[in-house]
Ligand code: HEM
Ligand SMILES: [Cu+2]
């Protein structure tokens, strides 16, 4: 991803840290714009194939994982603010909570929803595509959560080593932006999967 | 040990190891060690022999290390899949799923091996790594071209050379199946092989075009902007090197039965055809990373690293074109990745996205695919059209006519390009309510394209034209792109398209657009910047022969294609009915195709030989105002010693006393062109 550190330039005129920071930010946002198109494509496919219907899914589970993910975004924000105020203890606490919530989210989706949903990859006949889209949407999203968790684990490790401070927090900010982005994607996916349209097909 | 011995030993050891791995993998799969068809074994042995040979030359070389990494990635992927499958209680070996998983792992192995990830992995644990400058210590100058390097000029050349190599492979395939088409009935190809070849020709050419575009953009954009390098040099190297395993994956499809869907990979056929289609789709999936990351890099470079005084409307027109292209690549590429990923998932996990029996819909594939692939055609042509606009004023000694309009027309084309995709689906059974709007939006694209033609005419009008090889290619680009543009509207009009769709007319159309929009400008750019890149002049006479063969050959070929299509020849079909009376046309097309092929070979020969033996070039042979021509050739490692300042408009040729840049305290007024001696 677009995270070049401040280069140790030998011959070439150096790029100032402020400029480098602005470039990194722009690179990251472009990457996110691009990734947003990927999710948009999946989103559109859902409406193309399901139209105004949806499968019967466990509403409590859907609501729970959504809340878990949203709360994780709060702790990510808290972690970023903590490091910007040089509060390393709070940074580590918050980022660990974020990671735990991210793992809980994945557990809810992959561990519970995938096992218990009435449609899955073995569903046959015309409702098979409900399982396919459900698994594809949640799978691709969970994959991004997983990469996010790995990124956050690296950030936690480096924060623990004391690599970040109020003067050097770009990596944390980048991780936070990515994490929020993945959350926002879910804010679109959750209603598309659980709320919109009439429920059809097999039930629990 | 003398080098030659190391090379020979390297080859032998590599070949033996390769064969052993091949047999070993088959054994893991519970297959007999040798199949009836020994060709894959030989291919593997030769291939790994070559890797060994390269390692014999220098063990530090990035390319063979990457290839070893890729092979390791395959083995790891295969073993992991077999392991997981046995844990899950499935039959351990399933050829398709084993290779699919391995194909996702292999590119990562390549990147690790070639060293594209080394710095980032260090950053993860908080180790800072300095930027790399010049070839690694103690290594010769050529060394860096075969490994991971951060310099945008090296990467630009890596892109370009890889692109030309792929163009050669895809062109050879075309010559083979064009020869097959010389007569009705099947001569020497099996129908499946024919299908694989046309599919492979298409997609490898597209990969080659994307690489050529990347090459021009990487080499030129930082130079034109006055930057010392791209915004993210490591990301830049990564974006190039990921294309190599991707291309290898695509070509590997041949050893797995190939595939017969054409480059478009339409479901449901792609879900049912041979397993080679997986390699094509996964290869393109990874290729997409290059497009996305490379274009993000170009956008940041363009928006953040311009020389002082270079406002957006003082940027070279080529940079505008690349900017527009990059926005398409950044966003639309996700859709082709998505559509191909869904096909691979449907094949391997039975997810019925495109299967009506399972509630899916094959048209969804076409929507997703064309939402990328129509904008993609503008990725192919916008940089090329940018080259045309860039060079015409130089060779006409006149300002570019309507600079602002040209700059904005690229943006307009990029934007409109997102609104026309369904014109590829007029016959696919989409609702009439969709056909009409898409017909009109498609016609609308002709407006910004027309703006470009007007500007080109206005630029050459009453200019002081001179005609070295690059100018010949620029003029040919315009003439050839015109055929492409004129054959477009009949395809965009629903009633005529019902007849023309999937015929050779379409083949004629898009070859004209791609040759006019990419191939001709690409060669124009190669000849034009050749003295800048190598410090030497190409051979003018050979350049003219290349031009003559390629232009006449191409004109004849594409017009004949269009004609044959009107007479009822379907595209992508290995055979035709003798009663159709089109054999003569097929013969003409094949001969013209060979003329183009030979022309390109001569061109490549010219460039390769002149790079070592050409006359030493003067600093600014074309009398260009552009900053890269005001510094020595070949360009120094860090481009500009002192940042230059932009003080005027880029294309005010023929206006005395005007300058575009001020460098080292001097305003660089337009220098006269020093015509190359014959
Ligand atoms: C005046 C502008 C253009 C118009 C109106 C136009 C229109 C069309 C239409 C309607 C088709 C679909 C034909 C069919 O399959 O029945 C088509 C096919 C195609 N066009 Fe264009 N086009 C234009 C410019 C371009 C350019 C600039 C390129 C790219 C370099 C391009 C590349 C292609 C390709 C690759 C196909 C065939 C796709 C396939 O494999 O099915 N076109 N064009
Ligand atoms: Cu199109």
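The values are calculated or read from the model by the stated rules, or taken from the named source; none is laboratory data. Remember, it's a predicted structure, so these values are computed and weren't measured experimentally. Positions of Cβ are backbone-derived with ideal geometry, glycine not excepted, and every protein chain shown enters the neighbour counts.
Scan region B:484-518 for residues that are crowded, with 22+ Cβ neighbours inside 10 Å and more than 10 Å from ligand 1 (Cβ to nearest atom) and jot them down.
Those that are crowded, with 22+ Cβ neighbours inside 10 Å and more than 10 Å from ligand 1 (Cβ to nearest atom): B:504, B:508.
What are the residue pairs meeting all of these: first residue in region B:362-382, first residue assigned by TED's automatic domain parsing to the domain that holds residue B:295, second residue more than 10 Å from ligand 1 (Cβ to nearest atom) and not in a helix (DSSP H, G or I), Cβ atoms under 6 Å, and 6 or more apart or on different chains?
B:362/B:267; B:362/B:268; B:362/B:354; B:365/B:267; B:365/B:354
Residue by residue through region B:174-194, note down the ones that are buried (at least 20 other Cβ atoms within 10 Å of the Cβ) and under 30 Å from residue B:219 (Cβ atoms).
B:174
Check region B:585-596 and report whether any residue there is part of a loop (DSSP other than H, G, I, E, B) and without any contact (Cβ under 8 Å) to a residue 40 or more places away in the chain.
no
Which of the residues spanning region B:119-149 are away from chain A (no Cβ under 14 Å), in a helix (DSSP H, G or I) and surrounded by fewer than 18 Cβ atoms within 10 Å (Cβ to Cβ)?
B:141, B:142, B:143, B:145
Of all residues in region A:158-173 being assigned to a loop (DSSP other than H, G, I, E, B), without any contact (Cβ under 8 Å) to a residue 40 or more places away in the chain and within 12 Å of chain B (Cβ to nearest Cβ), which is surrounded by the fewest Cβ atoms within 10 Å (Cβ to Cβ)?
The initial filter retains those residues of region A:158-173 that are assigned to a loop (DSSP other than H, G, I, E, B), namely A:161-164, A:166-167, A:169.
Next cut, without any contact (Cβ under 8 Å) to a residue 40 or more places away in the chain only: A:161, A:163, A:167.
Applying the additional criterion that residues be within 12 Å of chain B (Cβ to nearest Cβ) yields A:161, A:163.
On the way: A:161: 10, A:163: 15.
Filtering region A:158-173 for residues that are assigned to a loop (DSSP other than H, G, I, E, B), without any contact (Cβ under 8 Å) to a residue 40 or more places away in the chain and within 12 Å of chain B (Cβ to nearest Cβ), the one surrounded by the fewest Cβ atoms within 10 Å (Cβ to Cβ) comes out as A:161.
Could you run through region B:353-401 and say how many residues are outside any loop (DSSP other than H, G, I, E, B), more than 16 Å from ligand 1 (Cβ to nearest atom) and within 23 Å of residue B:332 (Cα to Cα)?
So in region B:353-401, the residues outside any loop (DSSP other than H, G, I, E, B) come out as B:356-358, B:362-396.
Among the residues that remain, those that are also more than 16 Å from ligand 1 (Cβ to nearest atom) are: B:356-358, B:364, B:390-396.
Remaining after also requiring within 23 Å of residue B:332 (Cα to Cα): B:364.
Matching residues across region B:353-401 total 1.
Mind telling me which of the residues A:12, A:36, A:18 ends up being within 14 Å of chain B (Cβ to nearest Cβ), surrounded by fewer than 19 Cβ atoms within 10 Å (Cβ to Cβ) and at pLDDT 95 or above? Break it down into steps so the answer makes sense when it comes.
Values: A:12 fails: at pLDDT 95 or above; A:18 fails: at pLDDT 95 or above.
Every option except A:36 fails the conditions.
So which of B:382, B:436, B:391, B:408 is crowded, with 16+ Cβ neighbours inside 10 Å, away from chain A (no Cβ under 14 Å) and either within 16 Å of ligand 2 (Cβ to nearest atom) or over 23 Å from residue B:213 (Cβ atoms) (or both)?
Numbers: B:436 fails: crowded, with 16+ Cβ neighbours inside 10 Å; B:391 fails: either within 16 Å of ligand 2 (Cβ to nearest atom) or over 23 Å from residue B:213 (Cβ atoms) (or both); B:408 fails: either within 16 Å of ligand 2 (Cβ to nearest atom) or over 23 Å from residue B:213 (Cβ atoms) (or both).
B:382 is the lone residue from the list that is crowded, with 16+ Cβ neighbours inside 10 Å, away from chain A (no Cβ under 14 Å) and either within 16 Å of ligand 2 (Cβ to nearest atom) or over 23 Å from residue B:213 (Cβ atoms) (or both).
Hey, could you check region A:136-157 for residues that are more than 30 Å from residue A:87 (Cβ to Cβ) and out of contact with any helix residue (DSSP H, G or I) (no Cβ under 7 Å at 6 or more places or on another chain) and say which is nearest to the other protein chains (Cβ to nearest Cβ)? Walk me through how you get there before you give the answer.
The initial filter retains those residues of region A:136-157 that are more than 30 Å from residue A:87 (Cβ to Cβ), namely A:136-143.
Now restrict to residues that are out of contact with any helix residue (DSSP H, G or I) (no Cβ under 7 Å at 6 or more places or on another chain): A:139, A:143.
Details: A:139: 9, A:143: 11 Å.
Residue satisfying both the conditions and the ranking: A:139.
Of the conditions (1) within 9 Å of chain A (Cβ to nearest Cβ); (2) assigned to a helix (DSSP H, G or I); (3) more than 30 Å from residue B:511 (Cβ to Cβ); (4) touching a residue at least 12 places away in the same chain (Cβ under 8 Å), residue B:337 satisfies every one except a single condition; which number is it?
(3)
Would you please list the contacts, defined by Cβ atoms under 6 Å and residues six or more apart or on different chains, that run from a residue in region B:221-235 that is more than 18 Å from residue B:320 (Cα to Cα) and not assigned by TED's automatic domain parsing to the domain that holds residue B:384 to a residue that is buried (at least 23 other Cβ atoms within 10 Å of the Cβ) and modelled with pLDDT of 95 or more?
Nothing qualifies.
Would you confirm whether any residue within region B:340-354 is under 20 Å from the mean Cα position of the chain (by Cα) and either buried (at least 24 other Cβ atoms within 10 Å of the Cβ) or in the same structural domain as residue B:94 (by TED's automatic domain parsing) (or both)? Before you say what the answer is, go through the steps one by one.
Quick first cut of region B:340-354, residues under 20 Å from the mean Cα position of the chain (by Cα) only: B:340.
Next, only the ones that are either buried (at least 24 other Cβ atoms within 10 Å of the Cβ) or in the same structural domain as residue B:94 (by TED's automatic domain parsing) (or both) stay: B:340.
Among the residues of region B:340-354, at least one is under 20 Å from the mean Cα position of the chain (by Cα) and either buried (at least 24 other Cβ atoms within 10 Å of the Cβ) or in the same structural domain as residue B:94 (by TED's automatic domain parsing) (or both), which makes the answer yes.
Consider region B:278-315. How many of its residues are in contact (Cβ under 8 Å) with a residue 24 or more places away in the chain, part of a helix (DSSP H, G or I) and within 14 Å of chain A (Cβ to nearest Cβ)?
17
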